[in-house]
Amino acid sequence: MILVTLRDDLNEINGALVEAEICRDRAKQAEHLERAVRVSERAIEGFLRESELATTLAAAGTAAAPYRDAIERTWEDAMLFQAFLEAERRLFRDLGLDAGTCDRLIPAMLDLRAESGFQLPGSEGVDDGLRDLKQELSEALKGLQGEGESRALLRVVRRGFLVVGGSFVVGANALVGAGLTPVTGGLSIVGAATSGALGSGMVRGGLRR
């Protein structure tokens, strides 16, 4: 995956979501949501090319496996996890993610920790889930254009944000884990592996109905 493209898509989806969430004019809200859908669909199409996201998640699982015990300790210890999130925010900002996008992404990572147990990254069913989500985005957008309910589309677009956001998290920290970037935000190799697990979990969460 091309990280800069993921970053730009994520910033654009978040910007459109923010505008849609605060907008009270239905027509303008629909415009913002449509923009978020188009970007999400474009990202999903990119992931489906040659099973790009599935391949990335499988590689993240292989990279994280030797650090399983250390990742679980980070996941379960509140202070370690908070320090990890602070390093993540620095990394994301250094890589050009907007502050507002970080403000949506970091809480999503925290929510995932609270809601689910630790799992190594995995690619099972990812491509099928991506196809289903793309179809849901398209159907929800048609409903909105036909005077349907905007809240339904908001929910689906937020799931799209989780998928693109989780992909960005995995991709950014794969660079750290491989030692290919000097911009680590203070993140350790174990931190990068932990992030791979979290990013994979976010993708799975976004693909669930």
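The values are calculated or read from the model by the stated rules, or taken from the named source; none is laboratory data. Predicted model, so just to flag it, every value in this text is computed and none were measured. So basically every Cβ, Gly included, is an ideal-geometry build from the backbone, and we count neighbours across all protein chains shown.
Taking the stretch 58-83, which residues are among the hydrophobic types (A, V, I, L, M, F, W, C) and touching a residue at least 60 places away in the same chain (Cβ under 8 Å)? Quick ask: steps written out before the conclusion?
Initially, the stretch 58-83 is screened for residues among the hydrophobic types (A, V, I, L, M, F, W, C), giving 58-60, 63-65, 70-71, 75, 78-81, 83.
Scanning the stretch 58-83 gives ALA58, ALA59, ALA60, ALA63, ALA64, ALA70, ILE71, TRP75.
Suppose the filter is exposed (fewer than 14 other Cβ atoms within 10 Å of the Cβ), closer than 24 Å to GLY61 by Cα and modelled with pLDDT under 95; does GLY125 pass it?
Values: exposed (fewer than 14 other Cβ atoms within 10 Å of the Cβ): yes; closer than 24 Å to GLY61 by Cα: yes; modelled with pLDDT under 95: yes.
When the stated conditions are applied, GLY125 passes them.
Sort through ALA59, ALA54 and tell me the only one that's modelled with pLDDT under 90 and within 18 Å of GLY165 (Cα to Cα).
Working: ALA54 fails: modelled with pLDDT under 90.
The unique qualifying residue is ALA59.
Yes or no: GLY191 of a type outside the set (Lys, Arg) and either under 22 Å from ARG49 (Cβ atoms) or at pLDDT 80 or above (or both)?
On the way: of a type outside the set (Lys, Arg): yes; either under 22 Å from ARG49 (Cβ atoms) or at pLDDT 80 or above (or both): yes.
In short, yes.
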